[in-house]
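Heads up: the structure comes next, in structure tokens.
Read the figures in this text as sums done on the coordinates, not as results from a lab. Please read all numbers here as calculations on a predicted model, not as lab measurements. As a convention, Cβ positions derive from the backbone with ideal geometry for all residues, glycine included, and neighbour counts pool all protein chains shown.
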Amino acid sequence: MVPIDEAHRLVLERCSALPVVDVHVDDAIGCVLATTAVAAEDVPPFANTAVDGYAVRASDTSGADASPVRLAVVGEIAAGDVGRSAVVPGSAVRIMTGAPVPEGADAIVMVEDTSFDGDRTVLDGSQTVEVRRSVVSGSAVRGVGDDVRRGEVVFEAGTEITPAVAGVLASINVRRPTVVRRPRVAVLSTGDELVDDGSPLEPGQIRESNKVMLLGLVARTGCTAVDFGIVRDDESALEQTLRLAAAECDAIVTSGGVSMGDYDVVKAVLSRIATMDWMQIAIKPAKPFAFGRLARRGGGEIPVFGLPGNPVSSLVSFELLARPALRKMAGHRPENWDRPRVMAVADTGLRRQPDGKVHFQRVVTRFAGDGRVHVSPVAAQGSHQLAASALATGLAAVPDGFGVDVGGDVEVLLLTD
Ligand code: AMP
Ligand code: MG
């Protein structure tokens with residue numbers, strides 16, 4: 001049996017980041033920046049007001065807290081407008097959030113600190129506003145470039161484009177960031193017993209469950225998941241599907257057919273058409289795992305992740321081996337390939353027997369008042385019992401031996417995004 005760390009190292013060594021492309025920022029969420037993002041513009045591009053109120057000369061408001069002052073209202077500016085009237089001593093301009101601070105003004109008084117009961121249609125200086133609070137120069141003014149300065153490196157290469165990062169890129173007019181191409185990942189299930197069309201189950205049949213799960217896991221990894229369906233335990237059908245997938249995708253994830261059974265066709269076909277590493281990994285669940293490289297038409301090779309068919313094994317195998325590799329391919333930094341790990345407290349004993357393997361028990365995690373993550377195992381730990389594992393939020397790595405006692409420490413991979 002291969003230790004999990006060794007399998008992980010081997011798989012990661014053999015996968016590399018995809019080429020870079022320019023994509024529209026709208027399509028870039030989840031992609032990784034391949035170059036630094038440098039601001040070509042200041043944000044904000046002009047000094048503007050953070051509040052609705054009156055643009056004033058701060059010195060005109062001194063003493064207003066003790067006795068209100070009156071200022072002549074000489075105009076109004078909404079967001080998107082430019083002011084026409086300058087603020088001269090003794091005057092103010094009514095102003096809306098985001099509008100440029102007019103010439104002559106150096107502070108904004110919030111509307112809540114003013115009273116205006118004149119005619120808003122004639123803001124020509126004939127109407128006055130009462131100001132009840134004094135402000136200092138710069139109050140409620142958002143200065144030019146106080147979010148981002150022109151020329152500044154806003155993000156380094158390797159930064160994931162989260163929704164907020166995409167917002168920043170839009171704000172600095174990086175409309176087509178250069179990113180590592182988003183991996184297209186083929187997902188297929190294998191097995192003669194699998195049914196996914198809702199029809200009544202014939203004897204020996206089961207409902208297919210891995211494909212929708214793996215498609216979702218691939219998508220959540222930030223890749224484009226491509227459904228290659230269920231393939232029967234038939235060597236030529238499987239070969240055809242794998243070759244098609246290799247021509248269209250950057251990686252293939254299969255489930256089933258990688259263990260020791262007579263009908264393990266994934267094993268039979270991949271052994272013939274790909275360069276493979278067949279592994280028995282020293283973990284439970286998900287001991288069988290196949291990793292290989294398949295030549296694609298037009299040159300190059302793509303990785304194939306042959307996950308075991310038992311649904312919980314498929315899930316665990318994806319998390320421990322396929323996901324980190326796909327994240328490397330997508331251009332993430334090494335520290336972001338794996339799920340975060342924490343040392344957690346076992347609220348329930350995590351029992352097991354010695355067998356030379358690390359057991360990845362599915363656990364529910366919670367943050368407790370002591371500032372630590374606490375875990376309890378899900379109700380059933382069988383590799384076919386996906387229902388019990390589906391709501392797990394962590395994988396507790398229980399080392400070989402008799403397990404972890406109540407209150408003991410255990411390393412946990414956090415599965416929540
Ligand atoms: P295999 O790895 O093909 O030997 O399958 C191991 C177990 O997982 C068997 O009980 C299969 O019926 C089951 N299995 C395989 N593929 C799937 C799937 N896509 N959905 C649900 N169960 C599966
Ligand atoms: Mg099978």
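What FRET efficiency comes out for GLU130 versus VAL21 if R0 is 51 angstrom and r is the Cβ-Cβ distance? Round to the nearest 0.05. Before the final figure, lay out the partial values.
On the way: r = 59 Å, r/R0 = 1.15.
FRET efficiency, GLU130 to VAL21: 0.30.
Calculate the tail of P(r) for region 215-287: the fraction of all Cα-Cα distances greater than 18 Å, expressed in %.
Values: 1191 of 2628 pairs.
Result for the distance tail: 45 percent.
Once the piece of chain linking LEU244 and ALA219 is laid out straight, how much longer is it, given 0.36 nm per residue of separation minus the C-alpha distance between them? Please list the in-between numbers first.
On the way: separation 25, 0.36 × 25 = 9.00 nm, distance 2.02 nm.
The LEU244-ALA219 span can extend by a further 7.0 nm.
For the chain, what mean projected area does the convex hull of the alpha carbons give, in nm²? Please report the intermediate quantities before stating the final value.
Working: hull surface 115.8 nm².
Average projection, Cα convex hull of the chain: 29.0 nm².
How large is the dipole of region 89-240 about the Cα centre if only Lys and Arg carry +1 and Asp and Glu carry -1, each at its Cβ, rounded to the nearest 20 debye? Let's see the in-between values first.
Details: 16 positive and 24 negative charges, 157 e Å.
The dipole magnitude comes to about 760 debye.
Could you put HIS384, HIS374 in order, starting from the residue whose Cβ has the fewest other Cβ atoms within 10 Å? Don't skip to the end; give the middle numbers.
Details: HIS384 16, HIS374 19.
With the sparsest Cβ surroundings first, the list reads HIS384, HIS374.
Anything in the chain that counts as a DSSP H helix reaching 18 Å or more along its axis (C-alpha) with Kyte-Doolittle mean of at least 0.5? List them, would you? Write out the running numbers ahead of the final one.
On the way: long enough: 235-248 (20 Å, -0.10).
Span-like helices in the chain: none at all.
State, to one decimal in nm, how far the label point of ASP277 lies from the label point of ASP338, with both points 7 Å from Cα in the Cβ direction.
1.5 nm
Say R0 is 25 Å: what FRET efficiency, to the nearest 0.05, do LEU10 and ARG296 get from their beta-carbon distance?
Numbers: r = 21 Å, r/R0 = 0.84.
The value I calculate is 0.75.
Under 18 Å from a point placed 7 Å out from the Cα of VAL38 along the Cα-to-Cβ direction: which residues of region 147-169 have their backbone N that close?
Those under the cut-off are 148-159, 169.
Suppose the chain between ASP417 and SER67 were pulled fully straight at 0.36 nm per residue; how much longer would it get relative to their current alpha carbon spacing?
Values: separation 350, 0.36 × 350 = 126.00 nm, distance 5.49 nm.
Result for the pair: 120.5 nm of gain on full extension.
Can you pull the Kirkwood radius for region 168-229, inverse mean 1/r over Cα pairs, to one decimal in Å? Working shown, then result.
Working: mean 1/r = 0.0696 Å⁻¹.
By the Kirkwood definition, the hydrodynamic radius is 14.4 Å.
Taking Cα pairs under 8 Å and at least six residues apart, what relative contact order does region 314-417 come out at, in percent?
Computed value for region 314-417: 34 percent relative contact order.
Could you work out the relative contact order of region 16-163, using alpha carbon pairs under 8 angstrom and six or more residues apart, expressed as a whole percent?
On the way: 355 pairs, mean separation 57.3, N = 148.
Relative contact order here is 39 percent.
How do 81-89, 268-276 rank on mean C-beta neighbours within 10 Å, highest first? Please list the in-between numbers first.
Values: 81-89: 15.7, 268-276: 17.9.
In decreasing order of mean packing, 81-89, 268-276 become 268-276, 81-89.
What is the ratio of the Cα radius of gyration of region 237-379 to 2.2 N^0.38 Å, where N is its residue count, to two decimals? Could you put the intermediate results ahead of the total?
On the way: Rg = 17.9 Å, N = 143, 2.2 N^0.38 = 14.5 Å.
With N residues counted in region 237-379, Rg over 2.2 N^0.38 Å equals 1.23.
What's the magnitude of the charge dipole for region 184-246 around its Cα centre, counting Lys and Arg as +1 and Asp and Glu as -1 at the beta-carbon? Answer in Debye, nearest 20. Display every interim value, and only then the final one.
On the way: 6 positive and 11 negative charges, 101 e Å.
For this selection, approximately 480 debye.
Rounding to the nearest 20 debye, state how big the charge dipole of region 313-402 is about its Cα centre with +1 on each Lys and Arg Cβ and -1 on each Asp and Glu Cβ.
For region 313-402, the charge dipole is close to 200 debye.
With the crude spin-label approximation of a point 7 Å out along Cα→Cβ, what separation in nm comes out for ARG84 versus ARG175?
Output for this residue pair reads 3.2 nm.
Rg and Dmax of region 84-159, Cα atoms, in Å?
16.9, 58
Ranked from highest to lowest mean number of other Cβ atoms within 10 Å per residue, what is the order of the peptides 324-331, 403-410, 244-251? Numbers along the way, then the final one.
Working: 324-331: 24.1, 403-410: 15.6, 244-251: 19.6.
Output ranking for 324-331, 403-410, 244-251: 324-331, 244-251, 403-410.
As an exercise, take the mean of 1/r over every pair of distinct alpha carbons in region 282-341, invert it, and state the Kirkwood radius in angstroms.
Numbers: mean 1/r = 0.0791 Å⁻¹.
Its Kirkwood hydrodynamic radius stands at 12.6 Å.
What are the semi-axes of the equivalent ellipsoid for region 343-417, taken as the square roots of 5 times the Cα gyration tensor eigenvalues, largest first, in whole Å?
Numbers: eigenvalues 65, 51, 19 Å².
Each semi-axis is the square root of five times an eigenvalue, giving 18, 16, 10 Å.
As an exercise, identify the trypsin sites (Lys or Arg not before Pro) in region 123-228 lying in DSSP coil whose Cβ has no more than 13 other Cβ atoms within 10 Å. Could the numbers behind the result be given before it?
Working: sites: ARG132, ARG133, ARG142, ARG149, ARG150, ARG175, ARG181, ARG184, ARG207, LYS211, ARG220; in loops: ARG132, ARG133, ARG149, ARG150, ARG175, ARG181.
Passing both the DSSP loop test and the Cβ count: ARG149, ARG175.
If you average 1/r over all unlike Cα pairs in region 143-253 and invert the result, what Kirkwood radius do you get in angstrom? Walk me through the numbers on the way to the answer.
Details: mean 1/r = 0.0574 Å⁻¹.
Over region 143-253, the inverse of the mean reciprocal pair distance is 17.4 Å.
Given R₀ = 60 Å, FRET efficiency for TYR263-ASP146 by Cβ-Cβ distance, to 0.05?
With R0 = 60 Å, the Cβ-Cβ based efficiency is 0.35.
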